[in-house]
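The structure under discussion appears below in the form of structure tokens.
The values are calculated or read from the model by the stated rules, or taken from the named source; none is laboratory data. Please read these numbers as outputs of a predicted model, since none were measured by experiment. A quick note on method: Cβ atoms are made from the backbone with ideal geometry, for glycine too, and the neighbour counts reach across all protein chains shown. Protein only, heavy atoms only, side chains kept; ligands, DNA and RNA dropped before computing areas. Shrake-Rupley method; radii C 1.70, N 1.55, O 1.52, S 1.80 Å.
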Amino acid sequence: MSDPYSSLASEEEATQARIADAMDARCLEPAQIAIRREYLADLELPANAYAVEFGSGTGHVTRDLITVAGASRALGIEPSQVMVDRARKHFGAETRLSFEIGDAKQTGLEDASVDLVLMHTLLCHVPGPQDAVGEAYRVLKPGGILAICDGDYDTATARIADFDPVDQIIRFMINQNVTNLWIMRQITAMLSERGFELGRRRGHGYVAEGDAAYFLTVIDRGAERMAETGVLFAETADALKAEGRRRLAANKFFGFMSYVSQIAHKPAG
Ligand SMILES: C[S@@+](CC[C@H](N)C(=O)[O-])C[C@H]1O[C@@H](n2cnc3c(N)ncnc32)[C@H](O)[C@@H]1O
């Protein structure tokens, strides 16, 4: 199966809605909010800055461009109508925010018109990520900022002991849902080849906390997909989903992934 996030608009609406629920759950987790704050809060934007998120999903991260990064206006660009509708439902009342259907490789934005472009967990899903990087370069003003953050997917784990079967579901989901596991290990070369000046690179450890809402969505979707594809019988998938919840109830659940952020600048010219 190919990564459904890379062509979300063509997935069934119920699948898109379920993915939107998972995105909402992830965006609202305090540990995820903290990661976004870590790399967005100290960006130095000019007055009246205009910021654009490529791949804006359900809109929470686009809102951060105003509330955390300090932009005056922000636009989220996203190919899935389901996501755009969800983002407008969440944030339609915020006049400085807007969401439009579009493609990170061809946004239709004017040359040199944007102060900040953000790609948060987008590039791992885009075949040919250098085209999205090139589009960011085109639309940024001289001196403009590109902020990229994505999972370092090889580090994802739910393993609490050797041969833990729950961990296999995490590995399976990544195999099925991520186009490029290595994007944050390749991004510095991609950016400098395109002419960006490299800024700060940081690692951000994400440990699932509280009700582990997002990690449980990964386990549920992964176990169900394993049953659909004939890897597991349905009863075994249900048992693994129950295992995740039993671990949580018994304070035995562990979920971790490292994220990496990279800041870059278009040369001032
Ligand atoms: C994992 S979600 C992240 C959404 C949001 N940035 C967040 O962190 O909550 C990736 C999003 O990128 C979108 N996407 C995939 N390919 C895209 C492309 N070529 N251009 C713009 N968005 C794209 C998907 O539809 C999906 O909503």
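What lysines does residue 241 reach when the alpha-carbon gap must be under 21 Å and sequence neighbours fewer than 8 apart in one chain are set aside?
252
Points 7 angstrom from Cα along the Cβ direction at residue 28 and residue 176: gap in nanometres?
Taking the simple label geometry, residue 28 and residue 176 are separated by 2.5 nm.
Of all DSSP beta bridges in the chain, what percent run antiparallel (nearest 5)?
Close to 50 percent.
Given q = 0.10, 0.12, 0.17 Å⁻¹, what are the Debye log10 I(q)/I(0) values for the chain, with equal point scatterers placed on the Cα positions and solvent ignored?
-0.50, -0.72, -1.37
Give the angle, between 0 and 90 degrees and rounded to the nearest 10, that separates the Cα long axis of helix 213-228 from the longest principal axis of the Cα atoms of the chain.
That works out to roughly 60 degrees.
Evaluate the distance, in nm, between pseudo-label points positioned 7 Å from the Cα of residue 110 and of residue 251 along their respective Cα→Cβ axes.
5.9 nm
Within segment 162-196, find all residues whose amide N lies under 20 Å from a label point positioned 7 Å from the Cα of residue 235 along Cα-to-beta-carbon.
165-166
Using a Gaussian network model on the chain with a 10 Å cutoff between Cα atoms, which of 52, 84, 166 fluctuates the most?
166
Give the angle, between 0 and 90 degrees and rounded to the nearest 10, that separates the Cα long axis of helix 129-139 from the longest principal axis of the Cα atoms of the chain.
Once rounded, one gets 30 degrees.
Would you mind working out the accessible area per residue for the chain, using a 1.4 Å probe, and quoting it in Å²?
For the chain, the solvent-accessible area averages 45 Å² per residue.
May I ask you to derive the relative contact order of the chain, considering only C-alpha pairs under 8 Å and at least 6 residues apart, and to give it as an integer percent?
Dividing the mean separation by the residue count of the chain yields 20 percent.
Considering Cα pairs under 8 angstrom that are at least six residues apart, work out the relative contact order of segment 52-98 and quote it in whole percent.
So the answer I get is 44 percent.
Report, in deg cm²/dmol and to the nearest 500, the calculated mean residue ellipticity at 222 nm for the chain, where each DSSP H run with n ≥ 4 adds -39500 (n - 2.57) and the sum is divided by the residue count.
Computed mean residue ellipticity for the chain: -13500 deg cm²/dmol.
Compute the angle between helix 165-177 and the longest alpha-carbon principal axis of the chain, please, reported from 0 to 90 degrees and rounded to the nearest 10.
Helix 165-177 sits at roughly 40 degrees to that axis.
Can you spot the aspartates and glutamates whose alpha carbon is less than 19 Å from residue 105's alpha carbon? Ignore those fewer than 8 places along the same chain.
3, 53, 78, 115, 131, 135, 150, 193
So if each residue of separation counts as 0.36 nm, and I subtract the Cα-Cα distance between residue 162 and residue 194, what length gain in nm does that give?
Extending this stretch completely gives an extra 7.3 nm.
Can you send over the solvent-accessible area of residue 217, 1.4 Å probe, protein chains only, in Å² to the nearest 10?
30 Å²
Between residue 96 and residue 73, 0.36 nm times their residue separation minus their Cα-Cα distance comes to what?
My answer for the length gained is 7.8 nm.
Magnitude of the Cβ-charge dipole of the chain, K/R +1 and D/E -1, about the Cα centre, nearest 20 debye?
It comes to approximately 540 debye.
Express in whole angstrom the spacing between the alpha-carbon centres of segment 63-86 and segment 207-253.
Taking the Cα centre of segment 207-253 as reference, the centre of segment 63-86 is 30 Å away.
Using a 7 Å offset from Cα along Cα-Cβ at residue 186, what residues in segment 151-170 end up with backbone N under 17 Å from the label point?
Backbone N within reach: 151-155.
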